[in-house]
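Enquirer: Attaching a single structure in structure tokens format; questions to follow.
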Amino acid sequence: MGHHPTMETVGFGPLKFILYSGTADMVSSTYIPDTFETETRQDLQFNVDKPSTLPQHGVKQNDGLVEVMLDQSISFIPGLSKRHSRQLENCGFHTLRKLLQHFPRTYADLQNAQIGIEDGQYLIFVGKILSSRGVRASYSLSFLEVVVACDVVDSESPSTSRDDGAALESDKADSGRKKTVFLHLKKFFRGTRFTYLPFLKSIEEKQKVGDIVCVSGKVRIMRSKNHYEMREYNMDVLQDEKDPSFCAQGRPYPIYPSKGGLSPNFLRDVISRAFKVLPSNIDPIPEALAHDFGLLSLRDAYARIHQPKSLKEAELARKRLVFDEFFYLQLGRLFQMLEGLGTEVEKDGLLDKYRKSEFNLVNIDGWSMLTKKFLKALPYSLTSSQLRAASEIIWDLKQPVPMNRLLQGDVGCGKTVVAFLACLEVIGLGYQAAFMVPTELLAVQHYEQIQNLLANMEEAECKPSVALLTGSTSTRESRLIRQGLQTGDISLVIGTHSLIAEKVEFSALRIAVVDEQHRFGVIQRGRFNSKLYYNSISSKLSSSIPDDSSKDSVIMAPHVLAMSATPIPRSLALALYGDMSLTQITDLPPGRIPVETFLIEGNEPGFEKVYQMMLDELEAGGKIYLVYPVIEQSEQLPQLRAASADLETISQKFSGYKCGLLHGKMKSDDKSEALGLFRSGEINILLSTQVIEIGVDIPDASMMVVMNAERFGIAQLHQLRGRVGRGGRKSKCILVASTDSSLSRLKVLEKSSDGFYLANMDLVMRGPGDLLGRKQSGHLPEFPIARLEIDGNIIQEAHLAALKILGDSLDLEKYPNLKAELSMRQPLCLLGD
């Protein structure tokens, strides 16, 4: 029985692959374009072990270094006129690298393989334009209709009823019975100026009858058989039908995005010519490493992404190019860290931290006496995940190189107490600790929490002194705190951005904790780290240094522990913080009752239901957060509920209960007062913005209602939900969405309370930039082809490869081409310059 291929479209970043299955002879085409004229068909078979055998055009040797061909000017391309060179350079294609990194946005199957066309299906067809006409539909409406005829394999071919032998012979003869389908591409124009004849003539002349085009979009079935309509589509004019590419059965045809007015056909031709001057040995990555990770050579990867014989080849090529983007990012960050260390022992020690992270633990017996006493005085037992996290961090604190670690975990998992243990570990050894948080509310809360925990310790004489330094601290008190930090009388300071003020100096700072680190910009963290380092030195050097060991401890930069309550997927964490060790707390404290989540549409019946649920909760003795996206009503966004505007409405609705207001524009004392009244029970309903998202801990708050929930990200809503369910009471979270359609994105919150799973879902749905927020995503490197949401496994492979290379050559002197490539790429430093 004849077998007809199927087609499916899958998107990968800038590439969209058309996956199909069919008879083997459909993909066994032997067409080889002129760019591969020196190769045999056997040479083109994918083999990681075997280097390419292309002639080495233009390769120059200089002290054993192969000149970086990819960064040669495009004037090297044969047959390229000066005018075309100027056009390419004006569009940013200055080098061969830039040109070859202009990847196809999709691939077309020139055989239009399909198994049947359904209404609403997304398909890609190649066909010929039969007609193009501009139509005046009314006095203010016109449209352009382009009819494209496409030959496709007929899935209802009579050949399927014949015996298998006859069908097989027929398939060999013509690869299946063909039929013609007609696509009616329609584009509508509203406005009287679009109905005049000159305009209609101009738009219909843009599409030339007889052109071969690739059309992609959703089809709608029309009444006439084999006629389909497309109203939202992409159309690319392909090369001439006589081009040999059209004879390559089953070979994906690359479709390029146009750029700066350059046609896709012109770019396709120039890229094809570029391969004539591209030598085989352009790969800076050692062949052995490429083999270990199953990678194509760089030359072959470029060839197969632009001129694949099958979609599998294109996927393998994409894997190599994605690997490169991640590999040089990881290598650059690790190399930069090694450059800052003095001896090879220190450098090897740092690499061992990353290579053998599962063994980097210190048993509780190895903790300082102060840390052990603090642990014993805690009113609760730590989870196994918390203890492991603390052991990893304390192991790092005992190393001769500065720690750079990210501690992340779900809402309410107990990261803060782990950070306190780290601070007490260095304090117990005679050093100082700094704890920086993004908001004053959180700083006050942490300060009160550590003071309460220290009060439980039996021996008063061993308790460290703790200070709170924020923007609201009085001038006199600030001066006294700064003096205490300089002299060493204060062991731990908790504060906001005030800690990075130039006036603040430390006597012997050994650890800096940055809580909710994603709230601080990269440059802010950089200032914090470098300021603490230099000020610690300047303060210490002015005093006497009793011995060499003290001197060594002075010149060491402080350890940095960054914390995040918004779990970042591992792939994104490696992309942003490739030079940081990663510690995760995965368990929640025992006895935590899961928060029940409800999704409700914000219409009249929906709000009545919400108000009734709130009333029931209040009558049962609960406390309620009402969270709004904005403080004041906005004329630009009238559909958004505002906290200040709703205060009177909610107060009237629940007249028997006290309502309060909390938002970021309030004075610090007013914020503290509102939170204090809510904590004590004098306020029953607290109307707030997302200022409560971080760190606010009121155990008996039992309900949260989020207005216009679709305005928040999944991870952010999970953070907000974490403000309730902290006590022994069963808690609820109600997400009120503006429209029924916006509820679908929020359903994942109804199904899961796992912060790591939700962070991954948020990454897939919103992308890395939205997940991180504006401050931090601005420092996320741009990846031409990689997508963090689907390429997490590749970034972890790249991290291992970078460790392998540096383990073999700490200074990269064994790999001069790799070092030259790394120097050219100049990857991002975590903390900035």
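Enquirer: Inspect all residues belonging to the stretch 519-534 and state whether any of them is in contact with a Pro (Cβ under 6 Å, 6 or more places away or on another chain) and modelled with pLDDT of 90 or more. Outline the logic, then answer.
Expert: First pass over the stretch 519-534, keeping only residues in contact with a Pro (Cβ under 6 Å, 6 or more places away or on another chain): 519, 532.
Next, only the ones that are modelled with pLDDT of 90 or more stay: none.
No, the stretch 519-534 has no match at all.
Enquirer: Something else now. If we keep just the residues of the stretch 110-156 that are buried (at least 18 other Cβ atoms within 10 Å of the Cβ) and in a loop (DSSP other than H, G, I, E, B), which is modelled with the highest pLDDT? Before you say what the answer is, go through the steps one by one.
Expert: From the stretch 110-156, those buried (at least 18 other Cβ atoms within 10 Å of the Cβ) are 110-114, 123-127, 129, 132, 134, 142-144, 146-148, 150, 152-154; that's our starting set.
Those still in the list that are in a loop (DSSP other than H, G, I, E, B) too: 110-114, 154.
On the way: L110: 61, Q111: 62, N112: 62, A113: 58, Q114: 62, D154: 65.
My answer is D154.
Enquirer: Something else about it: Exactly one of (1) in contact (Cβ under 8 Å) with a residue 40 or more places away in the chain; (2) open to solvent by 10 Å² or more (accessible area, probe 1.4 Å); (3) more than 19 Å from P438 (Cβ to Cβ) is unmet by I685. Its number?
Expert: Result: I685 fails condition (2) only.
Enquirer: Which numbered condition trips up N363, out of (1) modelled with pLDDT under 90; (2) in contact with a Gly (Cβ under 8 Å, 6 or more places away or on another chain); (3) more than 30 Å from R825 (Cα to Cα)?
Expert: If we test N363 against (1) modelled with pLDDT under 90; (2) in contact with a Gly (Cβ under 8 Å, 6 or more places away or on another chain); (3) more than 30 Å from R825 (Cα to Cα), just (2) comes out false.
Enquirer: If you go through the stretch 585-629 one residue at a time, how many are out of contact with any Asp or Glu (no Cβ under 8 Å at 6 or more places or on another chain) and either in a helix (DSSP H, G or I) or surrounded by 12 or more Cβ atoms within 10 Å (Cβ to Cβ) (or both)?
Expert: The initial filter retains those residues of the stretch 585-629 that are out of contact with any Asp or Glu (no Cβ under 8 Å at 6 or more places or on another chain), namely 587, 589-596, 600, 602-621, 625, 627, 629.
This time we only want the ones that are either in a helix (DSSP H, G or I) or surrounded by 12 or more Cβ atoms within 10 Å (Cβ to Cβ) (or both), so: 587, 589, 592-593, 595-596, 600, 602-619, 625, 627, 629.
Of the residues in the stretch 585-629, 28 are out of contact with any Asp or Glu (no Cβ under 8 Å at 6 or more places or on another chain) and either in a helix (DSSP H, G or I) or surrounded by 12 or more Cβ atoms within 10 Å (Cβ to Cβ) (or both).
Enquirer: Here's something else I'd like to know. Can you say whether S384 is under 28 Å from E346 (Cα atoms), open to solvent by 10 Å² or more (accessible area, probe 1.4 Å) and touching a residue at least 12 places away in the same chain (Cβ under 8 Å), as far as the supplied structure shows?
Expert: Values: under 28 Å from E346 (Cα atoms): no; open to solvent by 10 Å² or more (accessible area, probe 1.4 Å): yes; touching a residue at least 12 places away in the same chain (Cβ under 8 Å): yes.
No; evaluated as a whole, the condition is false for this residue.
Enquirer: Follow-up. Of everything in the stretch 404-414, what is within 28 Å of R333 (Cα to Cα) and surrounded by fewer than 24 Cβ atoms within 10 Å (Cβ to Cβ)? Give them in sequence order. First the steps, then the outcome.
Expert: Just the residues of the stretch 404-414 that are within 28 Å of R333 (Cα to Cα), to begin with: 404-410.
Across the stretch 404-414, the qualifying residues are N404, R405, L406.
For (1) modelled with pLDDT of 65 or more; (2) open to solvent by less than 30 Å² (accessible area, probe 1.4 Å), each residue gets a yes or a no:
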{"position": "G773", "(1), (2)": "no, yes"}
{"position": "E782", "(1), (2)": "no, no"}
{"position": "L806", "(1), (2)": "yes, yes"}
{"position": "L812", "(1), (2)": "yes, yes"}
{"position": "P816", "(1), (2)": "yes, no"}
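Enquirer: Output the residues belonging to the stretch 285-307 that are assigned to a loop (DSSP other than H, G, I, E, B) and at pLDDT 90 or above. Full working, then the answer.
Expert: If we filter the stretch 285-307 for residues that are assigned to a loop (DSSP other than H, G, I, E, B), which is where we start, we get 285-286, 293-297, 307.
I285, P286, F293, G294, L295, L296, S297 - these are the residues of the stretch 285-307 that are assigned to a loop (DSSP other than H, G, I, E, B) and at pLDDT 90 or above.
Enquirer: Against the condition among the charged types (D, E, K, R) and either assigned to a strand (DSSP E or B) or modelled with pLDDT under 90 (or both), how does E477 come out, does it pass?
Expert: On the way: among the charged types (D, E, K, R): yes; either assigned to a strand (DSSP E or B) or modelled with pLDDT under 90 (or both): no.
So E477 does not fit the description; no.
Enquirer: So which residues in the stretch 630-655 are β-branched (V, I, T) and not in a helix (DSSP H, G or I)? Before you say what the answer is, go through the steps one by one.
Expert: To start, the set of residues in the stretch 630-655 that are β-branched (V, I, T) comprises 630-631, 649-650.
V630, I631 - these are the residues of the stretch 630-655 that are β-branched (V, I, T) and not in a helix (DSSP H, G or I).
Enquirer: So, in the stretch 742-758, of the ones that are open to solvent by 70 Å² or more (accessible area, probe 1.4 Å) and without any contact (Cβ under 8 Å) to a residue 40 or more places away in the chain, which residue ends up nearest to the chain's Cα centre (by Cα)?
Expert: Y757
Enquirer: Of the residues in the stretch 727-741, how many are surrounded by fewer than 17 Cβ atoms within 10 Å (Cβ to Cβ) and of a type in the set (A, V, I, L, M)?
Expert: Counting residues in the stretch 727-741 that are surrounded by fewer than 17 Cβ atoms within 10 Å (Cβ to Cβ) and of a type in the set (A, V, I, L, M) gives 0.
Enquirer: If you go through the stretch 160-178 one residue at a time, do you hit one that is in a strand (DSSP E or B), of a type in the set (S, T, N, Q) and at pLDDT below 90?
Expert: The first filter runs over the stretch 160-178 and keeps only residues in a strand (DSSP E or B), leaving 178.
Retained after the next criterion (residues that are of a type in the set (S, T, N, Q)): none.
Within the stretch 160-178, not a single residue is in a strand (DSSP E or B), of a type in the set (S, T, N, Q) and at pLDDT below 90.
Enquirer: Under the condition of being among the aliphatic types (A, V, I, L, M) and touching a residue at least 24 places away in the same chain (Cβ under 8 Å), which residue from the stretch 641-682 is surrounded by the fewest Cβ atoms within 10 Å (Cβ to Cβ)? I'd like the intermediate steps shown before the answer.
Expert: Residues of the stretch 641-682 that are among the aliphatic types (A, V, I, L, M), as a first pass: 642-643, 645, 647, 650, 661-662, 666, 674-675, 677.
Now narrow it down to the ones that are touching a residue at least 24 places away in the same chain (Cβ under 8 Å): 643, 647, 650, 661-662, 675.
On the way: A643: 24, L647: 16, I650: 19, L661: 21, L662: 25, L675: 22.
Here the answer is L647.
Enquirer: Could you list, in sequence order, the residues of the stretch 480-505 that are among the β-branched types (V, I, T), over 19 Å from D515 (Cα atoms) and not in a loop (DSSP other than H, G, I, E, B)?
Expert: Correct list: I481, T487.
Enquirer: Something else about it: Name every residue in the stretch 690-722 that is within 22 Å of K658 (Cβ to Cβ), open to solvent by 10 Å² or more (accessible area, probe 1.4 Å) and part of a loop (DSSP other than H, G, I, E, B), in order of residue number.
Expert: Listed by number, the residues that qualify are D697, P699, D700.
Enquirer: Looking at the stretch 270-281, is at least one residue open to solvent by 10 Å² or more (accessible area, probe 1.4 Å), touching a His at 6+ places or on another chain (Cβ under 9 Å), part of a helix (DSSP H, G or I) and not charged (D, E, K, R)? Steps first, answer last, please.
Expert: Going residue by residue through the stretch 270-281, those that are open to solvent by 10 Å² or more (accessible area, probe 1.4 Å) are 272-273, 276-277, 280-281.
Within this subset, residues satisfying the condition of being touching a His at 6+ places or on another chain (Cβ under 9 Å) are 272, 276-277.
Retained after the next criterion (residues that are part of a helix (DSSP H, G or I)): 272.
Next, only the ones that are not charged (D, E, K, R) stay: 272.
Within the stretch 270-281 (the criterion being open to solvent by 10 Å² or more (accessible area, probe 1.4 Å), touching a His at 6+ places or on another chain (Cβ under 9 Å), part of a helix (DSSP H, G or I) and not charged (D, E, K, R)), the answer is yes, since at least one residue qualifies.
Enquirer: Considering the stretch 190-238 alone, what residues qualify as being in contact with a helix residue (DSSP H, G or I) (Cβ under 9 Å, 6 or more places away or on another chain) and open to solvent by 40 Å² or more (accessible area, probe 1.4 Å)?
Expert: Within the stretch 190-238, R193, F194, F199, V237 qualify.
The values are calculated or read from the model by the stated rules, or taken from the named source; none is laboratory data. Note that the structure is predicted; figures quoted are calculated from it, not measured. No Cβ is skipped: glycine too gets one built from the backbone with ideal geometry, and neighbour counts run over all protein chains shown. Just the protein is used for accessible areas: all its heavy atoms, side chains included, with ligands, DNA and RNA removed. Shrake-Rupley method; radii C 1.70, N 1.55, O 1.52, S 1.80 Å.
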